[in-house]
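The values are calculated or read from the model by the stated rules, or taken from the named source; none is laboratory data. This is a predicted model, so every value here is computed, not measured. Here the Cβ positions follow ideal geometry from the backbone for every residue, glycine too, while neighbour counts run over all protein chains shown. The accessibility values were calculated without ligands, DNA or RNA, using every heavy atom of the protein model including side chains. Shrake-Rupley method; radii C 1.70, N 1.55, O 1.52, S 1.80 Å.
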Amino acid sequence: MVIRIISGVVGAVILLGLLMLPQPIPPILVILAGLFAAYEFIVLTRAEWGFVVGGLLLSGLLPALVIAMINLDMGDFATGYLVWTLTTIAVTGMQLVLALPLISGVRRGRPVSVNWTVLWGLPLLIAVPFLLLVYFSLGGPVSAGMLIAVLALAWAADTGAFVCGKLFGKRKLIPKVSPGKTWEGYIGGCFAVSSVLFVVALLALSYHSFVFIPRVFFHASVGATALYSLALGFVLGTAALIGDLAFSAVKRARGVKESGTFLPGHGGILDRIDGLVFVVCWYFLLSVIL
């Protein structure tokens, strides 16, 4: 536990420092992390190469389609905004369609085929989330603020769940998928996300940076901001949990505890971004629809 906390804090400080470097270093670093995560995912699943190639092709096609749909000139703002919203909903919906069977399959003792896992997992669990992270890493301080906010929310979910689970965890969540996950940890993670979201909203409003928070926070009172943060914190905390469980299901299906040994006390890259890949997509969705 001590090694995990120390390496986590050191890693977070180093990462935040790297993200503040001049352009184009931040997006390049995000792309490299995405490529390494894809490599770990391929090694973890050990799927047939035909499905791996198919997953890599979809990893290029799906993000390209998302970019094309979002940037398509519809002639007026309302139509373009509708396409943007529907595209975001479709992507997050497909993530759920993939993740829930992965979790349910391991829980019932009938894991989803690794071939189908890598075919759809590479584009939906790696490519699209990292596309959004690259998008957030581009530009000026507002984009950097959005990226740091998303990372902070994902870290809060993971840290809150870990600490509360260790201190208060008694009721197991889905032990066949993730033996260490508890209901107490899940609730603690959600409250941690709510707290971070509350601070992010206050800072964004104080500096008039409305870009990287949902519009429900605009001109809201402190009390209303707290209530919105609590509600959305549980949404994002649930997203982080689903992502964590989805990757845990893949690891359980392959009979391994960690995706790699890249980070001391933390495992591989996938072990650190399992919640993030859902949080970034769901946070982007909330920012679009609310």
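If you take the beta carbon distance between LEU230 and LEU203 as r and set R0 to 22 Å, what does 1/(1 + (r/R0)^6) give as a FRET efficiency, to the nearest 0.05? After rounding, the FRET efficiency stands at 0.80. These residues, VAL112, VAL128, VAL97, go from largest to smallest accessible area, 1.4 Å probe, as VAL97, VAL112, VAL128.
By how many nm would the segment from VAL83 to ILE174 grow when fully extended, if each residue of separation counts as 0.36 nm and the alpha-carbon distance is taken off? Numbers along the way, then the final one.
Values: separation 91, 0.36 × 91 = 32.76 nm, distance 3.65 nm.
Gain in length upon complete extension: 29.1 nm.
Sorting THR238, THR92 by accessible area puts them as THR238, THR92; the probe is 1.4 Å, largest comes first, and only protein heavy atoms count.
Please list the three semi-axes, largest first and in whole Å, of the ellipsoid equivalent to segment 160-211, using sqrt of 5 times the eigenvalues of its alpha carbon gyration tensor.
With the √(5λ) rule applied to segment 160-211, the semi-axes are 32, 10, 6 Å.
Ranking LYS170, LYS251 from most to least accessible surface, computed with a 1.4 Å probe over the protein chains only, gives LYS170, LYS251.
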